[in-house]
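Here's the structure we're looking at; comments come further down.
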Amino acid sequence: MKYIISFFALLSVFSAKCQIAIGKPSVTNTSVSLEFAETENRGLILPYITDKSSINTLGSLFYDTTDHKVKLLSDTNTLFDFSVDTTGTADLSIQGNDKTELSTSKIAIGVNSSSDASTGIFVLADSDKAMVLPKVQSPHLNIVNPSAGMMVYDKNKRQLAIFNGTVWSFWKP
């Protein structure tokens, strides 16, 4: 939990016009808003959503706690299921029922971060840069205790790997 708080504290400092590298001294590609080091077997955990009725920004990616699946709001205004497997699970106790969500809280990274009106807790606001996911060799073997909603790029299979709390799903274009 302290790593997540540290991560968001660091991001809030750098939420102005910038590129961010996590776990390494600098971003190695100018077309990247957010880049992770390749030195550890860790992934990016998506936000847990209990009520998806307010998700309306196309491209939103989240972990749906109602059916334990990773979903994307696509350009057709429908939710695309990345998990496929129906046996997902997550420990929601870490979120606590006594917490009040601040609906206006968000961190935006990029040139357009100060003016970006997208709803979301974490927004990459550049229109000409992307996020590079953490790259992990065989995440299903090397990430010892993955969290539900975790995403990485599998360097072996050259695929997107998503953990739903029970199993990994692999996606290749």
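Could you check region 134-173 and list, in sequence order, the residues that are among the charged types (D, E, K, R) and open to solvent by less than 40 Å² (accessible area, probe 1.4 Å)?
ASP154
Take the residues of region 58-84 that are β-branched (Val, Ile, Thr) and open to solvent by less than 80 Å² (accessible area, probe 1.4 Å): which is farthest from PHE122 (Cα to Cα)?
Within region 58-84, the match that is farthest from PHE122 (Cα to Cα) is THR78.
Looking at (1) of a type in the set (Val, Ile, Thr); (2) at pLDDT 75 or above; (3) open to solvent by 90 Å² or more (accessible area, probe 1.4 Å), find the lone condition where ILE55 falls short.
Unmet condition: (3).
Starting from region 151-162, take each residue that is in contact (Cβ under 8 Å) with a residue 24 or more places away in the chain and list its partners that are charged (D, E, K, R) and open to solvent by less than 10 Å² (accessible area, probe 1.4 Å), counting only C-beta distances under 9 angstrom and pairs at least six apart or across chains.
Final answer for the pair search is LEU160/ASP154; ALA161/ASP154.
Looking at GLU35 and the list (1) modelled with pLDDT of 85 or more; (2) assigned to a strand (DSSP E or B); (3) in contact with a Ser or Thr (Cβ under 8 Å, 6 or more places away or on another chain); (4) open to solvent by less than 40 Å² (accessible area, probe 1.4 Å), which single condition is not satisfied?
(1)
The values are calculated or read from the model by the stated rules, or taken from the named source; none is laboratory data. The shown structure was predicted, so the numbers you read here are calculated from the model rather than taken from an experiment. We place every Cβ from the backbone using ideal geometry, glycine too, and count neighbours over all the protein chains shown. Accessible surface areas use protein heavy atoms only, side chains included; no ligands, DNA or RNA. Shrake-Rupley method; radii C 1.70, N 1.55, O 1.52, S 1.80 Å.
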